[in-house]
1. Could you compute the net charge surrounding residue 34? Neighbours are other residues with a C-beta less than 10 Å from the C-beta of residue 34; K and R count +1, D and E count -1.
2. Sort 474, 102, 398, 32 from largest to smallest accessible area, using a 1.4 Å probe on the heavy atoms of the protein chains.
3. How large is the Rg to Rh ratio of segment 1-135 when both quantities use alpha carbon positions and Rh follows Kirkwood?
4. Ordering 429, 276 by how much accessible area each has at a 1.4 Å probe, largest first, what is the list?
5. Checking a compactness column here: for segment 440-529, what do you get for Rg(Cα) / (2.2 N^0.38 Å), N being the number of residues?
6. Test of understanding: what is the full-extension gain from residue 284 to residue 250, defined as 0.36 nm times their sequence separation minus their Cα-Cα distance?
7. Whole number in Å², please: accessible area per residue of segment 368-499, 1.4 Å probe, ligands, DNA and RNA not counted.
8. Please work out the FRET efficiency for the pair residue 194 and residue 407, using the Cβ-Cβ distance as r and a Förster radius of 22 Å; give the result to the nearest 0.05.
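The values are calculated or read from the model by the stated rules, or taken from the named source; none is laboratory data. Since we're looking at a predicted model, the values are computed, not measured. Neighbour counts run over all protein chains shown; Cβ positions are idealised from the backbone, glycine included. Please note that ligands, DNA and RNA were not included when accessible areas were found on the heavy atoms of the full protein model with its side chains. Shrake-Rupley method; radii C 1.70, N 1.55, O 1.52, S 1.80 Å.
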Amino acid sequence: MHDFFSARRPETIAPQAMIATSHPLSTAAGIEILGIGGKAVDAALAAVAVQCVVDPLMTGIGGDCFALYAAAGGPVKALNGSGRAPAAASVAALKAAGLGDEIPQTSPHSVTVPGAISAWCLLHRDHGTIPLARLFERAIHYAEAGFPVTPRVAQDWAANAALIGGDAHAAAVFLPGGRAPEPGEVIRQPKLALRLREIATGGAAAFYRGDTGAAMAGHLAALGGLHTAEDFANGTDAAFWTDPIHAGYAGHDIYECPPNGQGLAALVILKILEGFDLGPDVPLADRLHLHAEAGKLAYHHRDALIADPAACEGLADRLLSDEVIGALRARIRMDRALPPALWDEPEHKDTIYLTVVDAEGNAISFINSIFHGFGSTRLDPVTGVLFHSRGASFRLIEGHPNAIGPMKRPMHTIIPGMVMKDGHAIMPFGVMGGQYQASGHAQFLSNVFDRGLDLQAAMDAPRSFAFGGTLEVEPGVPEAVRRDLEARGHVVKVATSPIGGSQAIRIDRAAGVLRGASDSRKDGMALGF
């Protein structure tokens, strides 16, 4: 029975259709589309378009996108909407430009040609039923007339204000009066409204080609980038469908997007954990220790191996083999933390995730990102497009699988998830938040399947994350547990801000209902009817 005296919200339960996002206006836009008969893809596109307006430090049309889609009773399909580096990009070229071992967030070289709009339009072409002009109505309205800033968005906005102030064009849009907006203040982005209108009428070509594509390429080139109008034009068809990867856990099949996404790391963590008891009676310190140790092993392999799809053929089969998983599992000791794994990737922070199940049972797991807070912070004053910083995850090491190169896609941290049972989709889910996403998938699923928690409780449980030689825990982890972990060799740090966010919808066919949840750490909600 739910404790209604606690601060935790209950699950959302509805009989027909549902959407869960991290922003109330995004959820409202999606539920509106479902209410007029739209399908899961229609609602997802309406919701993400709104989110690109009202949560600009987390996502935008200048970012990338991944999705998993399962038609009712059908197989899971993976959509890769990651953009590519300019044709002139190479380790040698960037070294010659004066870069060191990493690509800085605000460098024009951190900007790959955005893949999101290519992905949206491919998704709509294949599975949408309502014109984009109708789906984008709410987003265009909020961009033109303005939207009120919600509390969590305002908090994150303020935390990034100094950085965004380094670009005069971005500051003019996102720091009105020279400061970050307070909760409830209204912000407008009229040029973003124009871009959404163009895409609604002209599709992906209207964004990547013609005056808009040329303007974006020209602005980045003026900043020292290697981008050309041809690079942007080639982005029109960059998105593509591919086969997902999957592994069994707790009697279910867990599906993830294949590399260049890090979904493979989530599956490796789950397969390692499958050999341990993580049931409801397991002490919290043991549970957090196991998640930390499995996560470090998986991320070590991620950092060394995951890259452009062309460089990862056969990688999933190898890493998920019984031989490899058994060897990794054997390295874990319950009484001692392993030495820190390598953590060389730039930290990914800013993403939005949403999920929709429609009345027909079609399900989509959808994630859209601009990488860091406000992406690269570089905004094109002509088009109003804020560019992501995904290229910052490339390595500047010759011969590394994830080394930057002409038309390459970088390793991606954003990963939608989908749970299947007996050939049917039963739960699209996703986790936002830094390098945490792969570990977050494993923690969330373990909370649901091993501990038997409902979706909201599984999300709201205190989180932990091992990275950089530190085990970060949320304040809800008791002091006695923290001391136990320290005794095993973990360097424990209490998180000063929430670790990640998540959404999920569970299709409960036995009861004939949908059960949804949206992370209490964010402003959003799950709604259905």
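1. Charge balance near residue 34 sits at -2.
2. Details: 474 15, 102 105, 398 135, 32 55 Å².
Sorted descending by solvent-accessible area, the residues read 398, 102, 32, 474.
3. Taking Rg over the Kirkwood Rh, I get 1.10.
4. The ranking, largest first, comes out as 276, 429.
5. For segment 440-529, the normalised Cα radius of gyration is 1.26.
6. Computed gain between residue 284 and residue 250 is 10.3 nm.
7. Details: 3640 Å² over 132 residues.
Computed with neighbouring chains in place, this is 28 Å² per residue.
8. Working: r = 29 Å, r/R0 = 1.31.
Efficiency for this residue pair is about 0.15.
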